[in-house]
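The values are calculated or read from the model by the stated rules, or taken from the named source; none is laboratory data. None of the values given here were measured: they were computed from a predicted structure. We place every Cβ from the backbone using ideal geometry, glycine too, and count neighbours over all the protein chains shown. Areas reflect the complete protein model, heavy atoms only, side chains present, ligands, DNA and RNA absent. Shrake-Rupley method; radii C 1.70, N 1.55, O 1.52, S 1.80 Å.
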Amino acid sequence: MLLDWKVVAMGKVVLLFLCMVLVVVPLACTDSIQKLEVQKHLKNLNRPPVRSIKSPDGDVIDCIHVTHQPAFDHPDLKNHKIQMKPNFHPEGHPFGESKVSSNSKPITQLWHQNGRCPEGTIPVRRTKKDDILRTSSVQHFGKKKQSSFPQPKPAKPLPDIISQSGHQHAIVYVEGDKYYGAKATINVWDPKIQQPNEFSLSQMWILGGSFGQDLNSIEAGWQVSPDLYGDNNTRLFTYWTSDAYQATGCYNLLCSGFIQINSDIALGASISPLSKYSSSQYDISILVWKDPKEGNWWMQFGNDHVMGYWPAPLFSYLSDSASMIEWGGEVVNSESDGQHTSTQMGSGHFPEEGFGKASYFKNIQIVDGDNKLRAPKDLGTYTEQDSCYNVQTGSAGDWGNYFYYGGPGRNPNCP
């Protein structure tokens, strides 16, 4: 049983008094205060469930009443009335989730094998104490590091960006217009991660503002992140920030912000099945768009799952529109042994290997000012080191605008 937050706060005051006045051993003080902070944070994240479901991968999915989710702790959302469905969907051909091989099964989540959440609740992956302890501090839990966004036109030479952020990308992007959403169908893999503090993800970025201190970003896709989740499973995720990853925003529901309304899909939960090299291929479709009436940014997973929305008050620039859309992959390159990481992006194979071997995004689209899905114009590509990870674009029939991307990281041409 977790302590009430008031008790935790009082305990922290008592501990500080003992440390300062009675000169208790500093290390013991630090450990005790950290334990209280972790308890308080767990109490805040893990709301009392209506039902709990044990997933085969070890996760516990708590079915939380929709009005009890962390979003409403945000100061701008205290009196927010939940919008249970969007006023408008974008107009355009609904590219669905593909079944590209004869034995394909629909993408699902592992926890579904053991149950579902009842109507009126949302599924929330339970945070464990060890999840928080793996991060540098309670305050940084569930957050990306600064400078983790791909900046296609860097203000500084590429080597400086790589050494500053340790993040590398292989992306396709559009800019120079007002954008009100984006869509893509994303091939799903299980890239290998070299170090626990590294990750590999494939996502869309909806960006507004400058690549400085005030960047607004909405992100969605799949990721493998041992540091965040404690394993190497491929998981559905979202992210948001309104100040370039400084103080605001987080992954999934790990802070106040995103409001989920869907009872079927859990953010941060494992995706199944996954693609295999020269074998069956699987993908997920993600759509993010701005409701023209309310101004909220909505997310849909597949054809049937409207997940929820980022309320308009969270953002400054995105309260109007996005100025850039990006699709692609990102990895952390920590260079722990003085060499480039061997953490894979996508399938871990270069784009030129093509279908069944390299990972892809297909049917990439933007939402225009008339709330219509359309093909993006003047696509650009960007990667810091194309000998480590690369990207190749194309256009064809049912795939619309597509690209292959990724790579193995360290190799003879990427030492």
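Rounded to a whole number, what % of the accessible area of the chain do carbon and sulfur atoms account for, probe 1.4 Å? Ligands and nucleic acids excluded, carbon and sulfur give 52 percent. If you model the chain as an ellipsoid using its alpha carbon gyration tensor, with each semi-axis the square root of five times an eigenvalue, the axes come out at 34, 26, 22 Å, biggest first.
For segment 164-404, the relative contact order is 31 percent, taking Cα pairs closer than 8 Å that sit 6 or more residues apart in sequence and dividing their mean separation by the residue count. Under the criterion of Cα pairs below 8 Å and six or more residues apart, the relative contact order for segment 343-415 equals 43 percent.
Taking 7 Å steps out from each Cα toward its Cβ at Asp214 and Lys54 produces label points 5.2 nm apart. Amide H contacts of Met307 (H built 1.01 Å from N, in plane; Pro and chain starts excluded): Met299, Gln300, Phe301 sit under 5 Å, all sequence-distant by 5 or more or on other chains. Quick one: in segment 164-404, what % of C-alpha pairs are over 35 Å apart? For segment 164-404, the share of Cα pairs beyond 35 Å comes to 7 percent.
Which whole-number percentage describes the relative contact order of the chain, with Cα contacts under 8 Å and a sequence gap of 6 or more?
Details: 988 pairs, mean separation 84.9, N = 415.
RCO, the chain: 20 percent.
Each of Phe199, Met345, Leu287 was placed along the dipole of segment 164-404 (beta-carbon charges, centred on the mean Cα), and the one lying farthest toward the positive end is Leu287. Pairs Lys144/Lys290; Lys293/Lys377; Lys81/Lys178; Lys54/Lys128; Lys128/Lys192; Lys43/Lys129: which exceed 18 Å Cα-Cα? Too far apart for the 18 Å limit: Lys144/Lys290; Lys293/Lys377; Lys81/Lys178; Lys128/Lys192.
Once the Cα atoms are used to define both axes, helix 26-45 deviates from the longest principal axis of the chain by about 60 degrees.
Distance between the modelled labels on Val138 and Glu352, one decimal in nanometres: 5.3 nm (7 Å Cα→Cβ projection).
With the largest listed first and rounded to whole Å, the semi-axes of the equivalent ellipsoid of segment 354-415 from the Cα gyration tensor are 28, 14, 8. Once the Cα atoms are used to define both axes, helix 5-21 deviates from the longest principal axis of the chain by about 60 degrees. Taking all protein chains together and rolling a 1.4 Å probe, Lys372 ends up with roughly 90 Å² accessible.
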